[in-house]
Amino acid sequence: MATRPSAPGPDLGAGLQRLTSGARQISARLLDALLPPRCLACEAEVAEQGTLCASCFSALSPVTAPFCERCGVPFVYAGQARVGPGGMLCGTCEAGDPAFRTARAALRYGDGAKRLILPFKYGDRTDLARPLARQMARAGASLLARAEIIVPVPAHWRRLVGRRYDQAALLARALGRIAGRPVMPDMLCRNRPTPPLGDKRAFERALTVAGAFTVSRRGAARLAGRQVLLVDDVMTSGSTVNACARALLAGGASAVDVLAV
């Protein structure tokens, strides 16, 4: 008669855990000896792999209150806000009604943030996805807590051919690992390429991306009734994430929040 092998006892399990932990520590020390830890932004020596030096860290400007409670855009001072039933809102959110429920960003787009975002976006620095995602998780803790699925803003396939990776998808996967949430990188499709939006005004941005996104056939079955966290690297006017949120809501999502670097 066949019998099942007995499970390892608690002493053996604890010993294996200590052995694995010790092996990791030795590997980390060997790596540090061969490749001394360098700042993610400026290559200065640091104490730990995957961190910033004091100078680069101090150059970052986290988004802190006061900010619009809907779209997350920071105010210079609280008096800029329009206070109403929805709390402190920017003029854009008060005048219109974004399709997304709440949006948050981790960092203001200043010189410190550019040292991380631009190499990540254009310079093949995919190793920056996890440290950037940690910043996002801090800023969007409440959004991650209620998210049932994480979806990145998709790039058009022509842009992927040139860049070879989708930076929003890398951020989404890193956030999924941090928060323990499922990630669906193919939930949304970008139906057509759109030109860069950097030199366009807000209404031109909205027109450019209107109707550019749809829910994929594979994604539709998993979307119904879900609360979605939409992830992108940079949010300027909110036109792109708004167009994505509309597509997700039309596809059956119950609500869409947005989180950006």
**Report entry** The lone exception for residue 104 - which of (1) more than 19 Å from residue 133 (Cβ to Cβ); (2) touching a helix residue (DSSP H, G or I) at 6+ places or on another chain (Cβ under 6 Å); (3) open to solvent by 40 Å² or more (accessible area, probe 1.4 Å) it fails
**Finding:** (1)
Query raised in the report: Which one of these is surrounded by 19 or more Cβ atoms within 10 Å (Cβ to Cβ), closer than 19 Å to residue 97 by Cβ and touching a residue at least 12 places away in the same chain (Cβ under 8 Å): 259, 223, 229, 248?
Result: 248
**Report entry** Set 159, 201, 146: member being surrounded by fewer than 13 Cβ atoms within 10 Å (Cβ to Cβ), of a type in the set (Lys, Arg) and within 21 Å of the chain's Cα centre (by Cα)
**Finding:** 146
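Filter region 112-125 down to the residues that are under 16 Å from residue 235 (Cα atoms) and out of contact with any Leu (no Cβ under 7 Å at 6 or more places or on another chain) and list them by number.
Taking region 112-125 and keeping what is under 16 Å from residue 235 (Cα atoms), we get 113-114, 116-118, 120-121.
Listed by number, the residues that qualify are 114, 117, 118, 121.
The values are calculated or read from the model by the stated rules, or taken from the named source; none is laboratory data. Because the structure is predicted, anything quoted here is derived from the model rather than measured. All Cβ positions, even for glycine, are placed from backbone atoms using ideal geometry, and neighbour counts span all protein chains on display. Calculation scope for accessible area: heavy atoms of the full protein, side chains included, ligands and nucleic acids excluded. Shrake-Rupley method; radii C 1.70, N 1.55, O 1.52, S 1.80 Å.
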